[in-house]
Amino acid sequence: MEFVSTLLLFHVLSACIWFGGYMVMSFVIVPQMKRENDPKVLINFERGFAKYAMPSLLAQFLTGPILALQKAPNVLDWFTVFASKETHIASKIVFMFIILWLVWRMRSKITPRLLAGEDGAMKSAWRNTHWITFLSFSNVFMGLSVNTNGFNF
C-alpha cells in the first residue's frame, strides 16, 4: 500500500472514531442525560470517549494537510472560491477549527457548569454536542466530495 493510501486509511478511520462517537453522544448519551436529568451521564461518556477521540482528532490534523496537498499542491489555492476541490479543503479546515473551539468550550466552560449543576448547562451541552456532530458530518461529506471529485445531485 502506498504512503498516501495509508494516510488516507488513518484519516478515514480517525474520522469514523470521531464522528461515530459524536453520533452516539448526540443521539444516545445526551437524550439519556436529559431523560435522567443527570449531567454525569454525559461527563462519564466524554471522559471515556476522550481516550479515543483526542488521538483520532490529532491524527486527522496530522494527515489532513498532507492529503490536501496531494489534491491541491498550492496551499494558497485552498482558499480560492473558484475551484470546488480547493473550496472543500478550505471548508474542512474552517470546520476543524470551529470543532476545536467547540471542544475547548465544552471542556473548559460547559463541563464545569454541568458539574456545578448550573441552570442551562445541560441545554448548552446539548447544543454544543449537536454542533460538533453536525460539523463533523459536514467534514466527512466534504472529505468524500474532495476524494470523489464532487457529488452530482
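The values are calculated or read from the model by the stated rules, or taken from the named source; none is laboratory data. This one's a predicted model, so the numbers in the text were calculated from it and none came from an experiment. Neighbour counts run over all protein chains shown; Cβ positions are idealised from the backbone, glycine included. To get the accessible areas, we keep the full protein, side chains included, count just its heavy atoms, and leave off ligands, DNA and RNA. Shrake-Rupley method; radii C 1.70, N 1.55, O 1.52, S 1.80 Å.
Couple of notes before you dig in:
- When Leu102 is tested against (1) exposed (fewer than 13 other Cβ atoms within 10 Å of the Cβ); (2) at negative phi, just one condition goes unmet, and that condition is (1).
- Verdict on Ser56 being on the phi < 0 side of the Ramachandran plot, in contact (Cβ under 8 Å) with a residue 12 or more places away in the chain and more than 13 Å from the chain's Cα centre (by Cα): no
- Set side by side, the residues Val24, Val30 differ, and just one is of a type in the set (A, V, I, L, M) and within 18 Å of Gly120 (Cβ to Cβ), which is Val30.
- Note on the stretch 113-128: residues that are at pLDDT 95 or above and more than 20 Å from Pro31 (Cβ to Cβ) amount to 0.
- Considering the conditions (1) within 24 Å of Pro31 (Cα to Cα); (2) open to solvent by 50 Å² or more (accessible area, probe 1.4 Å); (3) not polar (S, T, N, Q), Val75 is excluded by exactly one of them, (1).
- Only one entry in Ile89, Ile110 is under 18 Å from Ile29 (Cβ atoms), crowded, with 17+ Cβ neighbours inside 10 Å and among the aliphatic types (A, V, I, L, M), namely Ile110.
- Selection status of Thr87, more than 20 Å from the chain's Cα centre (by Cα) and of a type in the set (Val, Ile, Thr): no
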